[in-house]
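A quick write-up on the structure given underneath.
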Amino acid sequence: MIESKLKSEKELLETFVSLSKYFNVVKDESRLEKVKLLSKKIAKQHTIFGFCGHFSAGKSTIINSLVGDAVLPTSPIPTSANVVKLYRNTVPTVTIYQKNQQPVQIEKDYDSSEVQAFCKNGKQIEQLEIGLPDLDIPNHTMFMDTPGVDSTDDQHRKMTNRMLHLSDRIFYVADYNHVLSQVNLQFLSSLNNENVPVVLIINQVDKHNEEELPFKQFKQKLTEHLADFSINIERIFYTSMKYERHPHNQIEELKTYVDEKIYSHNTLNLPGKLNSLIAEHEKWLQEELEAKLAYSEEVLESYTKDDLQAIIESFEKWKTRNDESYLNHWKSEMVSILKKTAEQAYIFPYDVRKLAEDFLVSLERDFKVGLFFSKSKTYEEREHRKEQFILALQSKVDSEVNWHIKQVLQKQLNEKQITDQTLIQEVQEFDIKILESIVQDAQKKGALLSGEYILHYCEIVKQSIIKMSLEKAESILSKMALFIHHTKQEFSQIDIINTLNESKTIKHEFMSKRDQLHHILDSNGSEADAEEVIKLWLQEDVPLKITKLEMVNEDKSVKILDNIPSHSSNQHTKETLQKLKEIDLELSELPALHDTKKLIHAQLERLENQQFTVSLFGAFSAGKSSFANALLGKEVLPVSPNPMTASISRIHPATDEALDETCVITFKNQDQLLDDLTQAYQKVGMIIQSVDEAFSQVDVALKTCEREAKTFFTAFKNGYVNNRSHIGKELEGNLETYRQYVSNEEHAFFVEMIDLYIESTLGQKGMTLVDTPGADSINSRHTDVSFDYIRNSDAILFVTYYNHPFSKADREFLIQLGRVKETLNNKSMFFILNAIDLAENDEELTFVKEYVARELVKFGIQSPSIYGVSSRESLLNLRNGSRLNSQMKKFVSVFEQFIEQDLQEEALLQGERYWNYAIKRMEQVIEQSNQSEEDKRQKILDVKVKKEKVMDLLEQESVQPIINQLPIELHELLYYVKQRVFHRFGDFFKEAFHPNLFLSREKKTIQKDAMEDLLASVGYDLAQECRVTQLRLEKYIKDQLKVKWDTIERSIANIAPDFVLTTNKWEEVSYITIPKAFTELNWKQFEKDITYKNSKSFFEKGENNLVKEKLQVRFSNLSNQYLDSIENVLNEWAKELLDEKWLQCKTMIIQEIEGQYQSLEASLTETIQPTKYLEAMNRLLRLR
C-alpha cells in the first residue's frame, strides 16, 4: 500500500486539495467527497465527537447530558433521522442541510419542539447544525448525533458512515440488554477501519439484575465477545440516565473523560486518515482494474504465455504487409455522412415534445396525483408518463434515425462486396433503443420548467441518441474496414491481438494513476491554490438566511386493540358448564335417553379437561423468560441480558404422574445431530460422514468459519464429551436440571426438546406454554423456529422490548404470522410491549404503542392487540409475595378470559347445542309415552323409512364438484404466492448485496456471500408461503365441507325432523413437509449474472439494478419450477384430504342417525315414567 510521508497540517491540506483534483479526474467520487469534508473540517478547526449506535440506545439522551441541555429529541423509538451537530454559538442558530439544496439558517429564539421535529424529519433534511449560547461545549467543538446504525434507510447508513469519517473520537452507545446483538457487534467491528479511538458506552445499566447475572460475569462475557469479533475499544463506560445513583452508573466518569479529551487537543489523526483514504482509493482502483480486465482475462485464459508471444510475432509480420491509410480515410468519410444523416433527423415533433413536457412535469418535487394513496398513484403516473414518452420517442428514432443509418450501411455492404454474414446481420439488426437513463440523465435538477428548457432538454436527448447511433455505426464501419483489409490476408487471431492491446492500455492507465498518486503524496501542492480551493469549498456551506422552514406532516394514526376483561363472558362459561353438569346428572336417571347422556358427558369432560398450547416468541433479551415467569406466577425460566433460551421448552401443567418442577429432556438422535453438523461444515467447505468425524475436525472448522458460526462450533466442541452418552435418549431431572440445559448452549446444542411440569393458575386451566429461542440471537441455531409452532398453537404471545426495534428475524416471523392470520383466530395473537416501566409518562407510552402498531401493520397484522407490561416489576411482585402490578394483572385477566371463553367458544357452543338437543329428546319421550301401542309401532315404522331415505340421500351425495375446483383454487393460490414473494425480491436483493458486505472483502467472497444470502432468503420465503398455502387449502376444503354439511342437515330436517345432527368435528390434519426452495443450487451457477466493476459502480452507477434484473429473471424461472413441483404434491394431498374428511363427515352422520334411531326405538318399546321425565325437564328449563 502507498503511504504518505509525515507532513504538517498545512502540507496535509495542500495534499488533500491535490488529491481532490486527482480523485475528480479518475472519478472516485466517494473519496472526493471525503477529502472535501476533511479539508473543510480542518479549515474550520472543528473537533468532532461522533455518537452512533442502535436506535433507541440513548445516544441523544447522553449527548443532552454531556452538553448540559435537552437539545435533542429523546424517545424509546427512533428519533434522530438525520445527522445533528451541536456547538456553542453566541446566538441561537439552526443550520439546515436539505437534499440537493443550498443550506438554510434560522436565527431566532430556540424553539425545542420545532428543532426536535427537524431532527426527526429524515425525508426532507439530511443534516442539522444547532448552535446555542448555553451549551457546555468549548468553541470549535461539535457533538454529532447520527441515525441508528440499524436503520433500514440506505441513505441513513451512508450518511452515518460518511460523517463518522470526520470524527476525532467515536462513541458507540449500546443498550445494556442488546449490546451483544449482531448489529452492534458487526458495526463495532467495522469501526476498526476508521483509524480513530472508539469508546463503548453501555447505557441503561439500570436494567442489570445482580441476582440474574453477576455484573463481573457480564463484563467478562462482553470482553470475550469483543475479542471474538476482533473489536478494539479504548474505554468502556456503563451509564444510566434514569437512575443517577445507580452503583454501576459511570456518567460522571464519562463526562470527565470527554472533558479531558476535548482539552487535550488529541484530535483527528490526519496522517492516519490520509492513509485510510489512500487505502480505500487503492482498493477502488484495483476493483476498477479487475473489472476492466475481466473480459480480457476470460478471452486469454486458455492461452499460455508462449502462445500469446507467438501470436504477437505473427501479427507484427502480417502488419508490415498491409496499408491502412485508404481504409482510414473511407471510414472517416462515412462517419461524417452518418453524422449529418443523424443530425437531420426530426425526432421531436410537437406530439413527442408534449410527452416530454408531461414527463418532466411528473419529475417535479411537488408533483402529486390524488388525495388518497397519493404516493403509489403518483409513482404509477410518473412511470406511465415516462413509458409513453419513451414509446413515442422510440417510434421516431426507428423511422428517422435507425432506418436511414441502416440504408447507408447497407449500401456500403453492397458497394464493398462484403460477404461476412455476421456483419450483414449486424447491419440488418442495427437498432438504437431508448433507455430510461437517456431521458432521465438529460433532466437538469432544479431547473425552471419552461418552453425554452423543454427545447433544451429535447436537444440534449437528441444529442445522446446521435452519439449512441454514431458509436454503434462507427463500430460496424471499423469491422467493415477490417474485413476489407483482410479479405485476402485475414489475420485469424486479430481478436486476441485487440484483447492484448486493450489489456495493455488498461494496465498502463492504472500505472499512470498510481504514478500520479505517488507524485501527489511525495510532494506538496501549491499553498495559494489550496487556500483558493478550500475557500470555494467553504462557500458551499454558506447558508441562506431564513425565518421559517415549512415541513410536511404525515398522518400516522393506527388502530390498537387493548381489550378489557369481561366478567359477563366468564360468567357465561361457568353457567354453561354448570348447565351441562346438571343435565348430565339428570340424564343418569333417564334410561330412554342413554345415548344423549353419552354425548353430554363426553362434551363435559372435553370442557373440563381441555388442553391448550400457547407459544411464546420474541427477540432475545426482550424479556420473554421473565414475562413467562410472571405469567406462570413463579420464577421458573432463567433470565439474563444474554441469550438464554437456547432450546425449545414446553411447560406443561403438573400432574399426579409428572410432579411439579420435574422435567424430561429429549436429546437429538445421531441423524438429527449429523444433519445440523453437515449443514454447518458445508458452509466452511468441509464434508463429514459422522458425528465423531465432525468432532475430530471441529478445531479446523473453528479456524476457517465466520464469526457468527463460532458459537455453534464452540458449543459442539465443549459439550460433545459430556453429552455423547445422552444422544438419542431421554433424561429426567428437576428444575435445576432444566435451567442448566435450557440456558447453556454447550448442553442445549444436543437437546431436541425439554418438557417441564409446573403447577400454575394458567396450567390449571389447561395451558401448556412453549418457550422458543430468541429470533435475533447471535447464535444462528436460535433462529430455527418451526413453522409448526405458529400453525399448531391455540394462542401466540410475541414479546418485544419497550425501546427495542423489530429485527430482520422478527420481521420474517411477523410477516409469516400475518400470512397465517386468516387461518387463525385473530383474537389468538397477543403482542406484549415489555418494560413499560421505562416510559416517562402515559403520553410517551401511547406514542410507543402506536409505533409498534404501525410496524405490525406493515407486516400484515391489522388492528393488533398490544399490552404494555413490566415483567421486571412483576418478578419483584412475585419475590415480595405481593399482588401483580395493574398492567400485568390486566393482561393476565384478559388472557384468562381468552382461555376460558374464546378458546372454549366452540366447545361451549357445542355444549349449548347438546343441551337443546337433550331438551328436545325429553319432549319427544314425554309425547311418545302418551301414545297407544299401535301408534308407537307405526311411529317406529315411519322413522325407519325416513332413516332409509336419509341413508339413500347420503349415498347419492358427492364431493366431485369440490374435487374439480381444487386444482383451480390451488393454482390461483400459488399464482399469488409468486406475486407476493417477488414483490419483496427488491428488499431481499438489497439485504443480500448491502454496502457493508463490500467492505474489506474479495470480490468472489462478496459474490458468494450475497448469492447464498439471496438464495436462502427467497427460498425460505417461497417455502413459508407454500406452507401457508397448505393451510389456506385446508381452510378451503373445511369451508366447502361445512357448506356440504349444512345442506345435508337441512335436507335431513325436511325428510326426518326426528333426527338432529349434533356433531361436526374437524379432526387433526396430517400435513406434508414443504421443502425449502433452491437448496440444491450453488451460487456459482449465478456467477455470470452478478458481474460488476466495483462497489462504486454497483451502488452509484446503477449496476446493482442490472444485476437485480438479471437475477429476478433467473429466480422467476426457478420459482416456476419449484412451484410446479409443489402444486403437484399439494394437489394430491388436497384430494386425499378431501376424500378422508368427506368419509369422516358421512361416517359421523350415519353413526348419529343410527344411534338416534336406536334410542327412539328403545323409548317407544320400553315402559317409562313420563312424570319423571317431565319433572327433570322442568328442573332443567329453570336453569335457562
Review point. Surrounded by 12 or more Cβ atoms within 10 Å (Cβ to Cβ) and part of a helix (DSSP H, G or I), is that true of L1138?
Key: yes
Check your understanding: In region 893-944, which residues are touching a residue at least 40 places away in the same chain (Cβ under 8 Å), part of a helix (DSSP H, G or I), over 24 Å from S1163 (Cβ atoms) and of a type outside the set (V, I, T)?
Key -> S893, F895, E896, Q897, F898, E900, Q901, D902, A907, L908
Practice item. Considering only residues that are surrounded by fewer than 17 Cβ atoms within 10 Å (Cβ to Cβ) and in a helix (DSSP H, G or I), look in region 414-425 and name the one that is farthest from the chain's Cα centre (by Cα). Key: E415
Exercise for review: Go through the residues of region 4-11 one by one and say whether even a single one is of a type in the set (D, E), over 25 Å from E287 (Cβ atoms), surrounded by fewer than 19 Cβ atoms within 10 Å (Cβ to Cβ) and touching a residue at least 12 places away in the same chain (Cβ under 8 Å).
Suggested key: yes
Practice item. Inspect all residues belonging to region 1019-1034 and state whether any of them is surrounded by 15 or more Cβ atoms within 10 Å (Cβ to Cβ), in the same structural domain as I1072 (by TED's automatic domain parsing), closer than 25 Å to G685 by Cα and free of Cβ contacts under 8 Å to residues at least 60 places away in the same chain. Key: no
Check your understanding: Within region 369-413, which residues are exposed (fewer than 13 other Cβ atoms within 10 Å of the Cβ), among the hydrophobic types (A, V, I, L, M, F, W, C) and farther than 22 Å from Q463 by Cβ?
Key -> L371, F372, F373
Study note, to complete from the structure: The residue from K858, K890 that alone is without any contact (Cβ under 8 Å) to a residue 24 or more places away in the chain, at negative phi and surrounded by fewer than 21 Cβ atoms within 10 Å (Cβ to Cβ) is K858
**Study point:** Among (1) modelled with pLDDT under 85; (2) over 25 Å from the mean Cα position of the chain (by Cα) - the single one S870 does not satisfy
**Key:** (1)
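With the condition being not assigned by TED's automatic domain parsing to the domain that holds D358 and not aromatic (F, W, Y), I'd like the helices (runs of 4 or more DSSP H) fully within region 430-538 carrying at least 3 qualifying residues.
On the way: elements: 436-441, 451-485, 494-522.
Qualifying helices (runs of 4 or more DSSP H): 494-522.
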Check your understanding: Quick one: is D307 modelled with pLDDT of 80 or more, over 38 Å from the mean Cα position of the chain (by Cα), charged (D, E, K, R) and not assigned by TED's automatic domain parsing to the domain that holds K207?
Key -> yes
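Could you identify the single residue in V664, V700, V691 that is over 32 Å from the mean Cα position of the chain (by Cα), more than 26 Å from E1080 (Cα to Cα) and either surrounded by 15 or more Cβ atoms within 10 Å (Cβ to Cβ) or not assigned by TED's automatic domain parsing to the domain that holds A174 (or both)?
Values: V700 fails: more than 26 Å from E1080 (Cα to Cα); V691 fails: more than 26 Å from E1080 (Cα to Cα).
Result: V664 is the single residue among V664, V700, V691 that is over 32 Å from the mean Cα position of the chain (by Cα), more than 26 Å from E1080 (Cα to Cα) and either surrounded by 15 or more Cβ atoms within 10 Å (Cβ to Cβ) or not assigned by TED's automatic domain parsing to the domain that holds A174 (or both).
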Practice item. Can you give me the ranges of the helices (runs of 4 or more DSSP H) entirely in region 622-725 with at least 1 residues that are within 28 Å of D1009 (Cβ to Cβ) and among the β-branched types (V, I, T)? Key: 670-683, 691-696, 698-704, 707-723
Check your understanding: In region 1080-1092, is there at least one residue being among the β-branched types (V, I, T), under 20 Å from Y1020 (Cα atoms) and under 51 Å from the mean Cα position of the chain (by Cα)?
Key -> no
Revision key, fill the gap. Exactly one of K1038, K1044 is surrounded by fewer than 17 Cβ atoms within 10 Å (Cβ to Cβ) and either assigned by TED's automatic domain parsing to the domain that holds E1068 or assigned to a loop (DSSP other than H, G, I, E, B) (or both), and that one is K1038
Review point. Would you say S1163 is assigned by TED's automatic domain parsing to the domain that holds K1044, touching a residue at least 12 places away in the same chain (Cβ under 8 Å), hydroxyl-bearing (S, T, Y) and assigned to a helix (DSSP H, G or I)?
Key: no
Review point. Looking at (1) within 20 Å of K340 (Cβ to Cβ); (2) in contact with a Leu (Cβ under 7 Å, 6 or more places away or on another chain), which is the only condition I434 fails?
Key: (1)
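Among L222, L213, which is in contact with a strand residue (DSSP E or B) (Cβ under 9 Å, 6 or more places away or on another chain) and more than 20 Å from D145 (Cβ to Cβ)?
Details: L213 fails: in contact with a strand residue (DSSP E or B) (Cβ under 9 Å, 6 or more places away or on another chain).
The match here is L222.
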**Study point:** All positions within region 1073-1083 that are without any contact (Cβ under 8 Å) to a residue 60 or more places away in the chain and touching a Lys or Arg at 6+ places or on another chain (Cβ under 8 Å)
**Key:** I1074
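Identify, please: which residue in region 999-1022 is polar (S, T, N, Q) and part of a helix (DSSP H, G or I) and is, among those, modelled with the lowest pLDDT? Before the answer, list the steps.
Start the filter on region 999-1022 by keeping residues that are polar (S, T, N, Q), which leaves 1000, 1005, 1007, 1017.
This time we only want the ones that are part of a helix (DSSP H, G or I), so: 1005, 1007, 1017.
Values: T1005: 83, Q1007: 88, S1017: 89.
Within region 999-1022, the match that is modelled with the lowest pLDDT is T1005.
Under the condition of being over 30 Å from V1028 (Cβ atoms) and free of Cβ contacts under 8 Å to residues at least 12 places away in the same chain, which residue from region 945-984 is surrounded by the fewest Cβ atoms within 10 Å (Cβ to Cβ)?
First, the residues of region 945-984 that are over 30 Å from V1028 (Cβ atoms): 945-957.
Those left that are additionally free of Cβ contacts under 8 Å to residues at least 12 places away in the same chain: 945, 948, 952, 955-956.
Details: V945: 12, E948: 11, D952: 11, E955: 9, Q956: 7.
Here the residue is Q956.
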Practice item. Among what's in region 1053-1072 and is without any contact (Cβ under 8 Å) to a residue 40 or more places away in the chain and assigned to a loop (DSSP other than H, G, I, E, B), pick the residue that is surrounded by the fewest Cβ atoms within 10 Å (Cβ to Cβ). Key: E1068
Exercise for review: Determine, yes or no, whether N266 is outside any helix (DSSP H, G or I), surrounded by fewer than 14 Cβ atoms within 10 Å (Cβ to Cβ), under 53 Å from the mean Cα position of the chain (by Cα) and at pLDDT below 80.
Suggested key: yes
Check your understanding: When only residues in region 755-769 that are buried (at least 23 other Cβ atoms within 10 Å of the Cβ) and either more than 21 Å from F898 (Cβ to Cβ) or within 30 Å of the chain's Cα centre (by Cα) (or both) count, which is modelled with the highest pLDDT?
Key -> L756
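The values are calculated or read from the model by the stated rules, or taken from the named source; none is laboratory data. Everything quoted here is computed from the prediction, not taken from an experiment. Here Cβ is always computed from backbone atoms with ideal geometry, including for glycine, and neighbour counts include all displayed protein chains.
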